[in-house]
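Here is the structure we will look at, set down as structure tokens.
The values are calculated or read from the model by the stated rules, or taken from the named source; none is laboratory data. Predicted, not measured: the structure shown is a model, and the values here were computed from it. We place every Cβ from the backbone using ideal geometry, glycine too, and count neighbours over all the protein chains shown.
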Amino acid sequence: MILFTPNKKLKNGWEVRPSFAASLNKKDRGVLFKLQGYFNCGGVRPCKSDNTYKYEVRSLEDLRKKIIPHFLKYKPLIKIKEFEVFNEVVLLMKEKKHLSESGLRKIVGLAKTINRQENKKNFPRLLMKK
């Protein structure tokens, strides 16, 4: 998922935060701690909205150096398109494209293809401009 948070300190007014997450039921949360140990990054936390536990990595550096290389080597069996889009967004951010209006527009367009509908409420209004 790609998260967008209003931030007046940034020139374009939006902070872009890619987030890799995996969720499991409470009884299976041990698997998430093993993932955290394997990747040596991220955190595990309870998610009250759906009564699950979530392993999540938001650090751009950890995503670029640990998570994405793993899935480039061991291709995911599901959500392949989502992974490809996620990887493209992280690469654009590595190049600092998210700091410009045109780069942010591109990232928002990509994120719209993979983010779940309920997570689209904070999308930057840049796409509404003509």
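Taking only pairs six or more apart or across chains, which ones have beta-carbon atoms under 8 Å, a first residue in segment 4-20 that is within 19 Å of residue 64 (Cβ to Cβ) and free of Cβ contacts under 8 Å to residues at least 60 places away in the same chain, and a second residue that is among the charged types (D, E, K, R) and surrounded by 11 or more Cβ atoms within 10 Å (Cβ to Cβ)?
Close Cβ pairs (under 8 Å, with a partner that is among the charged types (D, E, K, R) and surrounded by 11 or more Cβ atoms within 10 Å (Cβ to Cβ)) amount to 17/58; 19/56; 19/58.
Kindly establish whether residue 101 is touching a residue at least 40 places away in the same chain (Cβ under 8 Å) and either over 30 Å from residue 11 (Cβ atoms) or more than 12 Å from the chain's Cα centre (by Cα) (or both).
Answer is yes for this residue.
Any chance you could count how many residues in segment 34-66 are out of contact with any helix residue (DSSP H, G or I) (no Cβ under 8 Å at 6 or more places or on another chain) and over 18 Å from residue 17 (Cβ atoms)? Please lay out each step first, then the result.
Just the residues of segment 34-66 that are out of contact with any helix residue (DSSP H, G or I) (no Cβ under 8 Å at 6 or more places or on another chain), to begin with: 34-38, 45, 47-50, 56, 58-59, 61, 65.
Next, from what is left, pick out any that are over 18 Å from residue 17 (Cβ atoms): 34-38, 48-50.
Residues meeting the conditions: 8.
Residues checked against (1) modelled with pLDDT under 90; (2) polar (S, T, N, Q):
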position: 22; (1), (2): no, no
position: 36; (1), (2): no, yes
position: 43; (1), (2): no, no
position: 48; (1), (2): yes, no
position: 57; (1), (2): no, no
position: 64; (1), (2): no, no
position: 77; (1), (2): yes, no
position: 85; (1), (2): no, no
position: 96; (1), (2): no, no
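Considering 17, 29, 64, which residue is in contact with a strand residue (DSSP E or B) (Cβ under 7 Å, 6 or more places away or on another chain), surrounded by 11 or more Cβ atoms within 10 Å (Cβ to Cβ) and not in a strand (DSSP E or B)? Spell out how you get there, then give the answer.
Numbers: 17 fails: not in a strand (DSSP E or B); 64 fails: in contact with a strand residue (DSSP E or B) (Cβ under 7 Å, 6 or more places away or on another chain).
Criteria check complete, one pass: 29.
Within segment 42-51, can you find the residues that are buried (at least 17 other Cβ atoms within 10 Å of the Cβ) and at negative phi?
Of segment 42-51, the ones buried (at least 17 other Cβ atoms within 10 Å of the Cβ) are 42, 44.
Selection gives 44 alone.
Only one of 76, 69 is in contact with a helix residue (DSSP H, G or I) (Cβ under 7 Å, 6 or more places away or on another chain), free of Cβ contacts under 8 Å to residues at least 24 places away in the same chain, loosely packed, with under 14 Cβ neighbours inside 10 Å and of a type outside the set (D, E, K, R); which? Working first, answer last.
On the way: 69 fails: in contact with a helix residue (DSSP H, G or I) (Cβ under 7 Å, 6 or more places away or on another chain).
Just a single option satisfies the conditions, and that option is 76.
Out of the residues in segment 67-96 that are among the charged types (D, E, K, R) and part of a helix (DSSP H, G or I), state the one that is nearest to residue 36 (Cα to Cα).
Going through segment 67-96, the residues among the charged types (D, E, K, R) turn out to be 73, 75, 79, 81-82, 84, 88, 94-96.
Then drop every residue that is not part of a helix (DSSP H, G or I), which leaves 73, 81-82, 84, 88, 94.
On the way: 73: 18, 81: 24, 82: 21, 84: 22, 88: 23, 94: 23 Å.
So, considering only residues that are among the charged types (D, E, K, R) and part of a helix (DSSP H, G or I), the one nearest to residue 36 (Cα to Cα) is 73.
Every residue in segment 97-116 that is crowded, with 17+ Cβ neighbours inside 10 Å and outside any helix (DSSP H, G or I), please.
The answer is 115, and nothing else.
Say we look at segment 41-61 and pick out the residues that are of a type outside the set (Asp, Glu) and part of a loop (DSSP other than H, G, I, E, B); which of these is nearest to residue 25 (Cα to Cα)?
This residue is 51.
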